[in-house]
Structures are given as structure tokens and as C-alpha cells.
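Got a structure for you, written out below as C-alpha cells; questions coming shortly.
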Amino acid sequence: MGKRRPQRPADGPAANPAAYVALAEIGAAHGVRGAARIRIFAEDPDLLTECGPLRLADGRPLAIAAIEAQGNKIVARFEGVADRTEVEALRNQTLYLAREMLPDLDDEDTFYHVDLIGLDVVDTDGTALGRVRTVQDFGAGDLIEVERTEGKSVFVPFTLACVPTVDLAAGRIVVEPPVGLLEDGGDADEDAETEDDA
């Protein structure tokens, strides 16, 4: 994946959110040499190191020096962060990439997870069902977590059969979930662990 010369927007992600995408969140310190667990929002972890400088919400740059999987956790080291105290100061901060740095997708049926989050969800009759909260993969393929209008969440397989239409321009997706899934109204937080205990 080739690198492109970054063009920094006039202000940071907090002031200009449309110009950035959130790629990861920094968690607890790992060891004493400035490493930390991170929670990755992007499907491709390489985006964190190969597509240009990452920034914190206030616009400060923060580059990842190395990233590796350790068991079921992802651990990152950051350039210029040398010890546990420094990395603890970054805990719960989100890492952003300028949207223009994202590589183009060749397949019209392929999407960045970050672009799906927040989309309205309707059924094939146009009835509002909720919004996309997260995109997860627990080992059997991508699932979109739909936060229902009544507050509960359900996971819908992100397949052509279950999600026949994704309309980014309109800000919505159309779902045709398996029979009984929406009627059950199961709480996704009870059915699956969606994030590490940082």
C-alpha cells in the first residue's frame, strides 16, 4: 500500500469531524516502555501505520512506531512516547486519520467499517429500525450492530442477503435480517463481548 503526502486540514478532528475518520482508541498502558493496548475500529490495521500521520482530537500528531497482536489484544508503541506515565496520559484518546488519506476502494460492494457506523437502518419496506453502532467480527464474518430505536441492539450478518443495500450518500442501509432476529430484540451487549476490558 503506497503512501501519499498528507495534507493536514486547517483544524483537528474535534473542530472538523467530516475531514477525519476514527481508526482506534488508546487503552491501558502495557508494560513500562510506552506501549498501550488499542481498540481498532478499522478492518485493516495497516491503515494505522501506512496511510499517513494519525492525530488526536485536538489535532496533535501521534505516530504509531509498531503494532502487534498479543493473544486477543492489540498492543501499540508510539513515536516519542517512552514510558508508562506518558502513555497513561493518552488513555481513552481516539486516533484519527484524515479521510483523504484512505486508499480508494476498487469494489463498489466493499466499505470501510468507519463509514458504516452511524448510518440509519431501515427494512425493505422503509421502516426505521435504528442505527449502526459498530461493525464486529467474532470469527464467522462481519456483523453490523444495529442499535434499535427502543435502545436495545441486535447483530445482523453483513452479507448481501441480509444487507442488500448500502447507500452512503443517503446515509442509510437496508436490511433483510434472518426471520425472528428483530422480533427477539436481543441485547447485543449480553450476547457478545464487544471490546476488551481496558
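Among all stretches of the chain without exposed trypsin sites (Lys or Arg not before Pro) (DSSP loop, at most 15 other Cβ atoms within 10 Å), which one is longest?
Longest gap between qualifying sites, sites excluded: 92-198.
Picking from Pro178, Gly139, Cys162, whose Cα lies most toward the positive end of the charge dipole for the range 113-184 (charges on Cβ: Lys, Arg +1; Asp, Glu -1)?
Towards the positive end, the residue furthest out is Gly139.
Report the charge-dipole magnitude of the range 18-101 in Debye, nearest 20, computed about the Cα centre from +1 at each Lys and Arg Cβ and -1 at each Asp and Glu Cβ.
280 debye
Can you pull out the GluC sites (Glu not before Pro) in the range 53-86 that DSSP calls coil and that have at most 14 other Cβ atoms within 10 Å?
Taking the range 53-86 and a limit of 14 other Cβ atoms within 10 Å, the loop GluC sites (Glu not before Pro) found are Glu79.
In the range 58-160, which chymotrypsin sites (Phe, Trp or Tyr not before Pro) are in a loop and have at most 12 other Cβ atoms within 10 Å, using DSSP for the loop call?
Phe138
Bear in mind that the values in this text are calculations on the coordinates, not laboratory data. Only a predicted model underlies this, so the values are computations on that prediction, with no experimental measurement involved. Using ideal geometry, Cβ is built from the backbone for each residue, glycine included, and neighbour counts are taken over all protein chains shown.
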